[in-house]
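The values are calculated or read from the model by the stated rules, or taken from the named source; none is laboratory data. Here the structure is a predicted model, which is why all the values come from computation and not from measurement. These accessible areas exclude ligands, DNA and RNA; they are computed on the full protein's heavy atoms, side chains included. Shrake-Rupley method; radii C 1.70, N 1.55, O 1.52, S 1.80 Å.
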Amino acid sequence: MCARYLDWELGKPVNEYLAIQVSKSRCVTDILDAISTCVSQATAMEDSEWKDNVTAFGSDGCNVMTGSRNGISGLLQKDPSTKNFKGFWCGAK
């Protein structure tokens with residue numbers, strides 16, 4: 001998993017490799033749990049803290065990731081602790 005964030009000290013966006021986190025299954029909730037575990041461990045932030053700061057995420061575009069109702073994007077949009085998150089999909093060819 002990789003993260004892109006704004007480094008205030010450098011004054012620019014930074015791309016950083018966090019870790020490889022295996023999910024328990026291919027189920028959306030297990031994948032979201034794996035993402036949450038990875039981010040929490042890499043940043044030392046509690047689940048609600050990193051979710052409060054997340055604004056977007058990128059993926060391969062499959063329904064499990066980008067589905068607006070039951071995909072990762074949809075679940076993050078519905079989560080009350082992700083107040084800054086805006087879901088979008090880039091269909092680049």
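At 222 nm, what value in deg cm²/dmol follows for the chain if DSSP H runs of at least 4 each add -39500 (n - 2.57) and the sum is divided by all its residues, to the nearest 500? Working shown, then result.
On the way: 4 runs with 34 residues, N = 93.
Computed ellipticity for the chain at 222 nm equals -10000 deg cm²/dmol.
Let me have the relative contact order for region 1-66, percent, based on Cα pairs under 8 Å that are six or more residues apart. If you can, show how the numbers build up before the last one.
Numbers: 58 pairs, mean separation 13.8, N = 66.
Reported as a whole number, the value is 21 percent.
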accessible surface per residue for the chain, probe 1.4 Å, DNA/RNA/ligands not counted, whole Å² -> 74 Å²
Expressed as a percent, the accessible surface of region 9-93 that is carbon or sulfur, using a 1.4 Å probe and the full set of protein chains, is 52 percent
